[in-house]
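This report concerns only the one structure given below.
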Amino acid sequence: MRSLDVAREAAERHLPGLCAALSEVPLLDLEKPGNPGIGLFRAHGGPALLVPKEHGGAGASPVEVMRTMTAVASCSPSLAVGTAMHHFTVATLYEVVAADPEALEAILLQEIAAKGLLISSGGAEGRTGQSIVAPSMTAVPVEGGYLVNGSKKPCSLARSMDLLSATVALPGGDGPALGMMVVPADLPGISVHPFWRSEILAGAESEEVRLTDVEVAEDFVVRPDLDDPSGVDALTAIAFVWFQCMISAVYLGAASALAERVFRERRGGAAGRAALGVRLDTATCLVEGLARLVEQRDFDRDALAKAVISRFAVQDAITDAAALAAEQLGGMAFIGSPEIAYLLAACRPLAFHPPSRTACLDGLAGYFEGHPFRIA
């Protein structure tokens, strides 16, 4: 399938041999806890995909990153979901270094590339009705830094993380402010607990990570300046656009794996395959368009709205494409291959990643009426 071939070519350029190695393991084995996917990802240089070349990484462009993630997701949606959180944090660190080349985060990027370190991401998602810019962890000032407490569930790569990134509520003059920290995962007070019960995407290691009186040095915390009408600072806004790009690319890969079976087996007739291809490439064009916005550093006030609009459109296109693919493959294929049912289910959780559609309705309506977009 043309779009998936393009994605695999990008993956081979930047992470040579990874997709081939993943393809040697049955899909359903890659989706189980304790699978070899994360180890293969490390072995083929995956952690360094987004690290700039000057810091020892692969230096893939945003478009190439999205294509690579789509290819990886077509082999293992769980691996792509888990590592998307890693890439998202690396992208955020890169933005910090781009603004301040002398920042300590530059050393961290070098360590990630040189040692193949993996970062889990502890953002604010996971609590129904909770704003995505309201951290679930709190930081209390102590001598030399902060004492951090809280919990993140789910937190992908919880079992394999070398570093933990998390948003934290920092004390401020006008109330708590949003901050971001990146700390070693083996700090005293950090513990991992079972959380994920579903068999879908179980290989992403999305468990609960608890922080109990964790001492975090001042240098490990980035304190943004909240001065944007969207309700988030510039760094958080850029990270948000990156995240929508990445997570959309992941589920596009899962849907592409399902659709590829239709084209390979020439099911559904030319008209059916054409309709499927149009729906799937609609999602591809949206993901790559968002990636080009990142590539061009187009992070104006409209960037957040564009990211959300694209993400919801991708979500709808993927849902439609997966349903069309399963229907064209037919009932006997569904009965005979548990992989089809798995991929069909694995396409749906994009709807569960922040922001929720419901939480954005007022902000989008206001944006379309001419007001600045604001995240709930």
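The values are calculated or read from the model by the stated rules, or taken from the named source; none is laboratory data. Keep in mind the model is a prediction, meaning the values are calculated, not measured. Every residue, glycine among them, receives a Cβ derived from its backbone with ideal geometry; neighbour counts consider all protein chains shown.
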request  = Determine whether SER337 is hydroxyl-bearing (Ser, Thr, Tyr) and touching a helix residue (DSSP H, G or I) at 6+ places or on another chain (Cβ under 7 Å).
outcome  = no
message = Given the condition at pLDDT below 95, among the hydrophobic types (A, V, I, L, M, F, W, C), closer than 17 Å to PRO135 by Cα and more than 18 Å from the chain's Cα centre (by Cα), answer yes or no: does some residue in the range 238-259 qualify?
response = no
message = I'd like to check which helices (runs of 4 or more DSSP H) are fully inside the range 274-358 and have at least 3 residues that are in contact (Cβ under 8 Å) with a residue 60 or more places away in the chain.
response = 302-329, 338-346
remark   = Matching residues in the range 235-273 (closer than 27 Å to ALA341 by Cβ, in contact (Cβ under 8 Å) with a residue 60 or more places away in the chain and not small (Gly, Ala, Ser)) number 13
request  = Check ALA271 against each of (1) in a helix (DSSP H, G or I); (2) among the hydrophobic types (A, V, I, L, M, F, W, C); (3) under 29 Å from LEU361 (Cβ atoms) and name the one condition it does not meet.
outcome  = (3)
request  = Filter the range 119-145 down to the residues that are in contact with an Asp or Glu (Cβ under 8 Å, 6 or more places away or on another chain) and more than 20 Å from LEU93 (Cα to Cα), then identify the one that is modelled with the lowest pLDDT.
outcome  = GLY144
inquiry  = When you scan the range 333-345, do you find a residue that is surrounded by 21 or more Cβ atoms within 10 Å (Cβ to Cβ) and at pLDDT 95 or above, even just one?
reply    = yes
note = Within the range 267-290, restricting to residues that are touching a Ser or Thr at 6+ places or on another chain (Cβ under 8 Å) and surrounded by 20 or more Cβ atoms within 10 Å (Cβ to Cβ), the one that is nearest to ALA321 (Cα to Cα) is LEU280
note = Checked against (1) of a type in the set (Gly, Ala, Ser); (2) farther than 22 Å from CYS155 by Cα; (3) buried (at least 24 other Cβ atoms within 10 Å of the Cβ), SER61 satisfies every condition except (3)
task = Just need a number here: residues in the range 156-206 that are under 18 Å from the mean Cα position of the chain (by Cα) and of a type outside the set (D, E, K, R).
result = 20
